[in-house]
Amino acid sequence: MEHRVVTLNPDVALRPEPFGALAYHYGNRRLVFLRHPDLVAVVYALDGHRTIAEVLDAEGIAPRRRASFVAALASMLDSEMLCERATRANHRDGAPLRSSGAVIGAPPVVPLSFVHTAEVHQ
Amino acid sequence: MSTSQHSLVDELKSGLDAPICLTWELTYACNLQCVHCLSSSGRRDPHELTTQEAFGVLDDLAEMQVFYINIGGGEPMIRRDFFDILDHAARRGIGVKFSTNGAYLTPERARRLASMDYLDVQISLDGLDAATNDPVRGDGSYALARTAMDNLAGAGFGPFKISIVVTRHNVAQLDGFKALADEYGATLRVTRLRPSGRGADSWHELHPTNEQQREIHRWLLDHGDHVLTGDSFFHLNALGESLPGLNMCGAGRVVCLIDPTGDVYACPFVIHDEFKAGSVRDAGGFAAVWRESDTFLALRQPQSAGACASCGQFDACQGGCMAAKFFTGLPLDGPDPECVVGHGEAALLEGSTPPLMLVDHSRPVPVTLLAR
């Protein structure tokens, strides 16, 4: 995972909150709670050029915390909040969001202290 | 997992910089007069927001990075500027989920909706047949809703939602509703009946029995991963296993309502002065109301469990729904009227005084009915 190059999905918006940030995916309607300011800083730093390991180094994430950051990023990749650099270009060609594989329904609750995926339920 | 969920709920209870789940009732006008209408809709209010004011609200919400809004009514499609409002929301990057009875969802409008991004549509239906649905939603309303669903399907809209309020009369149809949704490739949404608006009058006859509540709980445990609930059944968690979702009252913390005249309330089910936080027409607009109103700041303080403190189930049910308590005249720091342990029923039997309805846009009762 650490060698992968990922970036925030262009369909995702981030909003700062007291606990960290909220991320919302306009395509699959998933809402994710990023529950630590350091994780938010790492996600903002993902630029689609550096590997995850390089970004964690640049953000000064201590070795003992790395595994939990990598797990959090992996779960965000699973829920399509992040995407690999290569898929970013594909997303940009303007296909309607709703028809691009929208998942409506309850996504799994991710059992991590850092990331919580909630049902966008209304 | 539960530890992490608990602390998330605690974080959310102290409020967010902007709501996650904002409902905006665009008009009190409605072609129907559902007996459980939470906003007592029927007639348009002369002071409803103008198109320009509505655009201003959307601009404020975009500024606050509200990701999406839930539009309702009344019947929102009655507004002549309905599509203008949808277009403006899309321009500002705000997703729209709107709720309709389907009466104005013609094949042409269905095609227009199908061409739009960031849009979800939900059609309300409260029975699997006209015999179950129409006594609640009005004569002909079942046929209207089914025609709207056919139109959306015909336009290739994709997975729309079918939204059910669970009542005593349709609990037995839950499997049928799921099958209907599957048939359309739609998503089923089932929510809890609240005694709000005209629901205050119909609630006693419509709300599920205690035995039916157990049935609903079991059904949601079996189907919860594929059915939306608006997290509205958390009072049932006192029966044992917790349902999926956040399981907390979000009023004024993550949820709020903007009514057609721009008044802001703590949640869609508490259109009453007691829970009015301000107006989008006030200086500072919606953002100031959300961030600074006394009503919302009070809701973000730790709440007392009151009479429920001694009950072992409080952590699971959180004392239930504020709106359900308020409109049945029960204290807010006591049991929910549908408390599965039975405390609410006991409290109701002891006597309660429901509040007066202050906002009511119901159409006048026809003279012929009065004369009977």
Verdict on B:N151 being out of contact with any Asp or Glu (no Cβ under 6 Å at 6 or more places or on another chain) and open to solvent by less than 40 Å² (accessible area, probe 1.4 Å): yes
Looking at segment B:64-87, I want the residues that are within 14 Å of another protein chain (Cβ to nearest Cβ) and have a partner that is acidic (D, E) and not in a loop (DSSP other than H, G, I, E, B) with Cβ atoms under 7 Å, at least 6 apart or on another chain. Which pairs are those? B:G72/B:E25
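Yes/no matrix, rows are residues, columns are (1) farther than 20 Å from B:E75 by Cα; (2) hydrophobic (A, V, I, L, M, F, W, C):
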| site | (1), (2) |
| --- | --- |
| B:M149 | no, yes |
| B:A153 | yes, yes |
| B:G158 | yes, no |
| B:G176 | yes, no |
| B:R189 | no, no |
| B:G197 | no, no |
| B:W203 | yes, yes |
Is there any pair with a first residue in segment B:130-157 that is at negative phi and a second that is charged (D, E, K, R) and assigned to a helix (DSSP H, G or I) whose Cβ atoms are under 6 Å apart and which are 6 or more apart or on different chains, and what are they? B:S141/B:D134; B:Y142/B:D134; B:A155/B:R111
In segment B:167-182, is there at least one residue being free of Cβ contacts under 8 Å to residues at least 24 places away in the same chain and over 13 Å from B:L128 (Cα atoms)? yes
Anything in segment B:115-157 that is among the polar types (S, T, N, Q) and part of a helix (DSSP H, G or I)? List them, or say none. B:T132, B:N133, B:S141, B:T147, B:N151
Do we have B:G74 as surrounded by 24 or more Cβ atoms within 10 Å (Cβ to Cβ) and touching a strand residue (DSSP E or B) at 6+ places or on another chain (Cβ under 8 Å) here? yes
Return the total of residues in segment B:316-369 being over 30 Å from B:T27 (Cα atoms), among the aliphatic types (A, V, I, L, M) and not in a helix (DSSP H, G or I). 2
So how many residues does segment B:121-146 have that are touching a Ser or Thr at 6+ places or on another chain (Cβ under 9 Å), closer than 19 Å to B:P76 by Cα and not basic (K, R)? 9
Residues in segment B:201-253 that are within 11 Å of chain A (Cβ to nearest Cβ), of a type in the set (A, V, I, L, M, F, W, C) and open to solvent by 20 Å² or more (accessible area, probe 1.4 Å): how many? 1
The correct count of residues that are farther than 30 Å from B:V9 by Cβ and in a helix (DSSP H, G or I) in segment A:34-51 is 0
If you go through B:K178, B:K161, the only one that is closer than 22 Å to B:H223 by Cβ, open to solvent by less than 10 Å² (accessible area, probe 1.4 Å) and basic (K, R) is B:K161
Subset of segment B:271-283, residues open to solvent by 60 Å² or more (accessible area, probe 1.4 Å) and either within 15 Å of B:L16 (Cα to Cα) or touching a helix residue (DSSP H, G or I) at 6+ places or on another chain (Cβ under 8 Å) (or both), comes to B:E274, B:K276, B:R281, B:D282
For segment B:309-362 the number of residues that are of a type in the set (V, I, T) and open to solvent by 20 Å² or more (accessible area, probe 1.4 Å) is 3
Of B:F269, B:F234, which residue is under 30 Å from B:A179 (Cβ atoms) and touching a Lys or Arg at 6+ places or on another chain (Cβ under 6 Å)? B:F269
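Let's see how each residue does on (1) out of contact with any strand residue (DSSP E or B) (no Cβ under 9 Å at 6 or more places or on another chain); (2) open to solvent by 20 Å² or more (accessible area, probe 1.4 Å); (3) over 22 Å from B:Y184 (Cα atoms):
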position: B:S41; (1), (2), (3): no, no, yes
position: B:L49; (1), (2), (3): no, no, yes
position: B:V57; (1), (2), (3): no, no, yes
position: B:M64; (1), (2), (3): no, no, yes
position: B:D84; (1), (2), (3): yes, yes, yes
position: B:R109; (1), (2), (3): yes, yes, no
position: B:R112; (1), (2), (3): yes, yes, no
position: B:Y118; (1), (2), (3): no, yes, no
position: B:V136; (1), (2), (3): no, no, yes
When you check B:A145 against the structure, is it surrounded by 23 or more Cβ atoms within 10 Å (Cβ to Cβ), modelled with pLDDT of 95 or more and not β-branched (V, I, T), yes or no? yes
Segment B:241-269, residues that are of a type outside the set (D, E, K, R), without any contact (Cβ under 8 Å) to a residue 40 or more places away in the chain and farther than 21 Å from B:F67 by Cβ: B:L243
Determine if segment B:21-37 includes at least one residue that is in contact (Cβ under 8 Å) with a residue 24 or more places away in the chain, surrounded by fewer than 20 Cβ atoms within 10 Å (Cβ to Cβ), hydrophobic (A, V, I, L, M, F, W, C) and within 14 Å of chain A (Cβ to nearest Cβ). no
At the interface with chain A (Cβ under 10 Å from one of its Cβ atoms) and open to solvent by less than 10 Å² (accessible area, probe 1.4 Å), is that true of B:L188? yes
Mind listing whichever residues of segment A:16-44 are more than 17 Å from A:E80 (Cα to Cα) and either more than 10 Å from chain B (Cβ to nearest Cβ) or of a type outside the set (G, A, S) (or both)? A:P16, A:E17, A:P18, A:F19, A:R35, A:H36, A:P37, A:D38, A:A41
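The values are calculated or read from the model by the stated rules, or taken from the named source; none is laboratory data. Keep in mind it's a predicted model, so treat the numbers as computed, not measured. With ideal geometry, Cβ positions are generated from the backbone for all residues, glycine too; neighbour counts draw on all protein chains shown. Areas reflect the complete protein model, heavy atoms only, side chains present, ligands, DNA and RNA absent. Shrake-Rupley method; radii C 1.70, N 1.55, O 1.52, S 1.80 Å.
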